[in-house]
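**Q** A single structure is presented below for examination.
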Amino acid sequence: MKNSIKAILITLTAAAMLTACNEEENDIPVSEVPPNVISAVQNALPGIVLDEAEKCTRHDEPTYKLEGKLINGKEYDIKITESGTILKIELDD
């Protein structure tokens, strides 16, 4: 039982570290998000229209938090590295 709890805590801590940015978050225009980042998001969510962007740093790598909407009205939050690795896609309620 103790090992199971320990494994769960380690997993949750690792997940938080993967998606966390430092305190320095800057709102930026979507037009300043690198094209490869936009392409990766559009491949994952075809038809998404991005309307908000933030840039932050995670483990010395620029990371972006993007918000967008599909034509069906569903809104998504996306966290992605500058190299195009998607860290998280979350459907807004």
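**Q** Averaged across orientations, what area in nm² does the convex hull of the alpha carbons in region 18-93 project?
**A** Numbers: hull surface 19.0 nm².
One quarter of the hull surface, i.e. the mean projection, equals 4.8 nm².
**Q** At what distance in nm do the modelled label points of residue 86 and residue 28 sit from each other, each positioned 7 Å from its Cα along Cα→Cβ?
**A** Each label point is offset 7 Å from its Cα along the Cβ direction, giving 2.0 nm.
**Q** If you rank 76, 64 by how much accessible surface each has, with a 1.4 Å probe, what is the order from largest down?
**A** Values: 76 35, 64 5 Å².
Sorted descending by solvent-accessible area, the residues read 76, 64.
The values are calculated or read from the model by the stated rules, or taken from the named source; none is laboratory data. Keep in mind that this is a model prediction, so the values were computed, not measured. Cβ sites come from the backbone with ideal geometry, for glycine too, and all protein chains shown count toward neighbours. All accessible areas refer to the heavy atoms of the entire protein, side chains included, with ligands and DNA or RNA removed. Shrake-Rupley method; radii C 1.70, N 1.55, O 1.52, S 1.80 Å.
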